[in-house]
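A short reminder: the numbers here are calculations on the coordinates, not readings from a lab. Keep in mind it's a predicted model, so treat the numbers as computed, not measured. In this analysis, Cβ positions are derived from the backbone assuming ideal geometry, glycine residues included, and neighbour counts consider all displayed protein chains.
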Amino acid sequence: MKSHVPDGHKKDIAVKLACGSIAGLLGQTFTYPLDVVRRQMQVQRLSASNSGDMKGTMETLVMIVQQQGWKQLFSGLTINYLKVVPSVAIGFTVYDAMKSFLGVPTREEADIEVVTNRKNSQPSSLQS
């Protein structure tokens, strides 16, 4: 996502926070249903401790959708956004700031360096 930011704004802290927020929002949206399944499996394990009626991830996912509907997989997601989105945004921003502070090259700078080193290390076709 940061690769689509204009060069003049790449160092802007607000842009880094926005990129981190969107990354956190998308990541949480895609993984939240699996978190719901995990919690359901934990409850299922407690209630079925005496009986051997344990279900796997896919069976639990199908059971939730059949019994409660697909919207149940996203129940509580909006409240979770309030916790996760700022946390991920701050985490990504601090990570970028520390990389900059420590002088760690960005991915683009590292790619340019690798290409330059390959070109310089290739043997010359001229024979002496």
Query raised in the report: If the limit is 20 Å between Cα atoms, which of Lys16/Lys99; Lys16/Lys71; Lys2/Lys99; Lys10/Lys99 go over it?
Result: Lys16/Lys71
Requested in this report: Give me the distance in nm between label points sitting 7 Å out from Cα along the Cα-to-Cβ direction at Lys55 and Arg39, one decimal.
Outcome: 1.7 nm
Report summary line: If the chain between Leu77 and Ile90 were fully extended at 0.36 nm per residue, the gain over the current Cα-Cα distance would be 2.7 nm
